[in-house]
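I have placed the structure first, in the form of C-alpha cells, so that the comments after it can refer back to it.
The values are calculated or read from the model by the stated rules, or taken from the named source; none is laboratory data. It should be emphasised that the depicted structure is a prediction, and the values quoted were computed from it without experimental measurement. So basically every Cβ, Gly included, is an ideal-geometry build from the backbone, and we count neighbours across all protein chains shown. Remember, those area values only see protein heavy atoms, side chains included, never the ligands or the DNA or RNA. Shrake-Rupley method; radii C 1.70, N 1.55, O 1.52, S 1.80 Å.
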Amino acid sequence: MSEQVTNASLAEIKQYIEKELNENPAPIADVNVVYQFDLTGDEEDSFQLKLNGGQAIVVPTSETTADCTLVMSADSFRKFLTGKLSGTVAFMTGKLKIKGELGKAMKLEQILKQYNING
C-alpha cells in the first residue's frame, strides 16, 4: 500500500485517508480534532482532516480553526503517511513545522500507525 501512496496524486491520497479511517473508525472513536496540512514544494496544497466521534472527513482549508497545523513538503508528507519518516525525526530535522498543539501532532502519528497506510 505504501507504493500506492508514494505514486498517488495528493487528491488520491486525501480520498484514501478518508476511506481508510472511516472503514475502521475504532482508533478515532474518541477523537475530536481538526488537523491542517500545509504542503509545500512542487505540490503545494492545504487541507484539513477533521476527526470527530469515529468519522473522518478531508476538506479544503476552511474557516474552521485547526487544533494543529503541520507544515511540510508533499514528499515528506508521503513519507510520514507511509511510516518512512517519523514525525519526531521530521520535526527535529526541520522537515516538519507544527503550529498549535504539539501533543495532537504526536497523537496523529499514533492514529495513523493503526491503519494500513504504510502497508
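Within the same chain, lysines fewer than 8 places from Lys113 are excluded, and of the rest, those with a Cα less than 21 Å from its Cα are Lys14, Lys19, Lys50, Lys79, Lys84, Lys95, Lys97, Lys104. Springs between alpha-carbon atoms under 10 Å, Gaussian network over the chain: tell me which of Gln48, Gln36, Gln15 tops the mean-square fluctuations. Evaluated over the chain, the most mobile residue of the options is Gln15. Taking a point 7 angstrom from the Cα of Leu10 along the C-beta vector, which residues in region 25-39 have backbone N less than 11 Å away? 37-39, by backbone N distance to the label point. Would you please name the trypsin sites (Lys or Arg not before Pro) within region 45-119 that are DSSP coil residues with at most 15 other C-beta atoms within 10 Å of their C-beta? Listed in order of number, the matching sites are Lys84, Lys113. Charge tally around Gly103: other residues with Cβ under 14 Å, Lys/Arg +1 each, Asp/Glu -1 each, net 0.
Quick check: at a probe of 1.4 Å, how many percent of the accessible area of the chain sits on carbon and sulfur atoms? Mind dumping the intermediate values first?
Details: 3110 of 6440 Å².
That fraction is 48 percent.
The stretch between Gln110 and Asp42 holds 21.7 nm of extra length on full extension. This uses 0.36 nm per residue minus the Cα-Cα distance. Between Phe77, Phe37, Phe91, the Gaussian network model of the chain with springs among Cα atoms under 10 angstrom shows the greatest mean-square fluctuation at Phe91. One quarter of the surface of the convex hull around the alpha-carbon atoms of the chain equals 6.4 nm², the direction-averaged projected area. Helical runs (DSSP H, four residues minimum) scored at -39500 (n - 2.57) apiece and divided by the length of the chain put the mean residue ellipticity at 222 nm at -10500 deg cm²/dmol.
Each residue was assigned an accessible area with a 1.4 Å probe, and for Thr61 the value is about 60 Å².
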